[in-house]
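**Q** Input: one structure, supplied below.
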């Protein structure tokens, strides 16, 4: 079965809820569902970490299952949230000029979905 990785760019929580839901569903079905947080979405990490945030439970579930592979180092730095992301133990990744590489996942046979 092909594995899927989701690259989430949008910082809109109402969009990101779908990233988490799809990632969890894919993981439950053995289809991957790993998540890379990119672009404006990196700002959501510290917000979702707050117990009162409506995405908190889904975020914690995805994180506990190891689905959140990391967040873009370049975007996190540019948007001033690198320390907050690192404090959440979300890896800062960026093997492609500071950004996560989609081609690395394609080379491993993953399907890549962007949100």
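Read-outs throughout are calculated quantities, based only on the coordinates presented, and are distinct from any laboratory measurement. Nothing here was measured: the structure is a model prediction, and the numbers come from that model. When we count neighbours, we look across all protein chains shown, and the Cβ atoms used for this are built from the backbone with ideal geometry, even at glycine.
**Q** Which of 93, 68, 37 comes first, and how do the rest follow, when ranked by fewest Cβ neighbours within 10 Å?
**A** Final ranking by Cβ density, sparse to dense: 93, 68, 37.
**Q** While we're here: Among DSSP bridges having both ends in the chain, what percentage is antiparallel? Round to the nearest 5.
**A** 5
**Q** Sum -39500 (n - 2.57) across every DSSP H segment of at least 4 residues in the chain, then divide by the residue count to get the 222 nm mean residue ellipticity, nearest 500.
**A** Helices in the chain give a 222 nm mean residue ellipticity of -11000 deg cm²/dmol.
**Q** Here's something else I'd like to know. Using the Cα atoms as the points, what is the convex hull volume per residue of the stretch 4-114 in Å³?
**A** So the per-residue Cα hull volume is 84 Å³.
**Q** Anyone know which of 100, 51, 13 comes out most mobile in the 10 Å Cα GNM of the chain?
**A** Checking each option, the largest mean-square fluctuation is seen for 51.
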